[in-house]
Amino acid sequence: PRSGWYTHRRYVCHFFPILISKLMPSSFLVERIILLNSFGCPLLSRESHIRTVKGDDDKDKESNKQFHSSGVWPMASYINHSCLSNARRSFIGDMMIVRASRDLPPNTEITFWYKSPMTRDPKESPVNLQHWGFKCDCIFCQDTRSVSGSVLSNRNRISSDLRRLFKTSKMNLRKIEDKISTLASTYCRPASQVPRLALDSPYLSLAAIYASSRNHKKAVEFGLMCLESLGFVVKGGKIPHVSEVPLVVQKWGLMTDGVVGCWMILCSAYQELAPILASQAEEYARVSYRICVGEDETFDRTYSRLSNRVDGFLMTAK
């Protein structure tokens, strides 16, 4: 009846403000939970890997195409951040795959980075995690905080000098090597304890340059130094190679996309210097690819010893 409808309306009008006042804090809480626990993700991590290797990643960020979707994976949301992560997440459609990036003893807490320390602004020391409302306390961040501002400024200045030297039309490799040695001297602790992130890219670039000029011994030297700068401990890979000594990763370091290409540079150089090590290096490249991309079935469509690029990447990869 009409009177009943008015009664119901008055009831709603009277209690609706109270209902809103009780729900609003909860709705904000839900929004915050989603904000802090959601993951932006590509359709395929392989696509992101290819963009990174091609050097198109910055271009895609500018065009806002880096991530096609986002979501909340409840179990993965329990995984804490560490710059020195021991796992890496990858995506295949709406499926998130978390793979260990190093050997994990029983009961080890799984961690991956919310924000990669490799992409941090040099002025952000350590990596800026303000969005999540905490500061990372991993050994890398502790070490960074303990370094004086003058050392960090000097390190950043030398890194800028190196980038300019690599961009010159006639590169002075001797000068670049000397500059890298100066950069390495700004670090005190062994890379096996605290990775030397500023050295990763220069070492990898130098390894690629020497591989292109068929200076295979130098390519091996700087390829191994690149892995070492990321915290890897590799045995049996130095030249001259001792017969019957295998190539072994005793400790895995930070798993970046560039690690795959570094192993392929080593594979190419070993084919000329120590063929028995080439397949071992290629297998480590495949394992690294699986960690970065989530699967290795597409490895042979993405990397090959027959590639025109020294890092084995196939430019036709799609």
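Exceeding 30 Å between C-alpha atoms, which entries from my cross-link table qualify? They are 179/238; 167/318; 170/235; 217/318; 238/318. Mind dumping the intermediate values first?
On the way: 179/238 23 Å; 167/318 28 Å; 170/235 34 Å; 217/318 32 Å; 238/318 34 Å.
From 179/238; 167/318; 170/235; 217/318; 238/318, over 30 Å: 170/235; 217/318; 238/318.
Inter-part distance, the stretch 33-55 to the stretch 105-169, computed on C-alpha centroids, equals 20 Å.
Of the residues 207, 243, 91, the one whose Cα sits farthest towards the positive end of the charge dipole of the chain is 91 (charges of +1 on Lys and Arg Cβ, -1 on Asp and Glu Cβ, taken about the Cα centre). Largest to smallest in accessible area, the residues 32, 155 fall in the order 32, 155 (1.4 Å probe, all protein chains included).
Find how much the distance from residue 109 to residue 135 grows on full extension, using 0.36 nm per residue of separation minus their present alpha carbon separation; answer in nm with one decimal.
Working: separation 26, 0.36 × 26 = 9.36 nm, distance 1.80 nm.
Result: 7.6 nm gained on full extension.
Of the solvent-accessible surface of the chain, computed with a 1.4 Å probe and all protein chains present, 55% belongs to carbon and sulfur.
For the pair residue 301 and residue 119, a Förster radius of 22 Å applied to the C-beta separation gives a FRET efficiency near 0.25, rounded to the nearest 0.05. Sequentially through the stretch 299-312, phi angles give Karplus couplings (6.51, -1.76, 1.60; θ = phi - 60°) of 4, 5, 8, 10, 9, 7, 5, 8, 5, 6, 9, 5, 8, x Hz, Gly and Pro residues having no value and appearing as x.
Based on DSSP loop calls and a cut-off of at most 15 other Cβ atoms within 10 Å, the longest stretch of the chain free of exposed GluC sites (Glu not before Pro) is what? Walk me through the numbers on the way to the answer.
Working: sites that count: 109, 124, 244, 295, 297.
The longest uninterrupted stretch comes out as 125-243.
Accessible surface calculations at 1.4 Å, restricted to protein heavy atoms, place the chain at 57 Å² per residue. Taking max minus min of the alpha-carbon positions on each principal axis, the stretch 221-263 gives extents of 31, 18, 15 Å, largest first.
What angle, in degrees between 0 and 90 and rounded to the nearest 10, separates the Cα long axis of helix 216-229 from the longest principal axis of the Cα atoms of the chain? Long axis of 216-229 versus the principal axis of the chain: about 30 degrees. A cut-off of 5 Å between modelled amide H atoms, ignoring neighbours fewer than 5 places along the same chain, links residue 82 with 112, 113, 114. Amide H contacts of residue 97 (H built 1.01 Å from N, in plane; Pro and chain starts excluded): 90, 91, 92 sit under 5 Å, all sequence-distant by 5 or more or on other chains. Between residue 168 and residue 37, the simple spin-label model (points 7 angstrom out along Cα→Cβ) gives 5.4 nm. With viscosity 1.002 mPa s and temperature 20 °C, the Kirkwood radius over alpha carbon pairs of the chain converts through Stokes-Einstein to a diffusion coefficient of 97 µm²/s.
The values are calculated or read from the model by the stated rules, or taken from the named source; none is laboratory data. Here the structure is a predicted model, which means the values were calculated and not measured. So basically every Cβ, Gly included, is an ideal-geometry build from the backbone, and we count neighbours across all protein chains shown. These area figures cover heavy atoms from the full protein model, side chains too; ligands, DNA and RNA do not enter into them. Shrake-Rupley method; radii C 1.70, N 1.55, O 1.52, S 1.80 Å.
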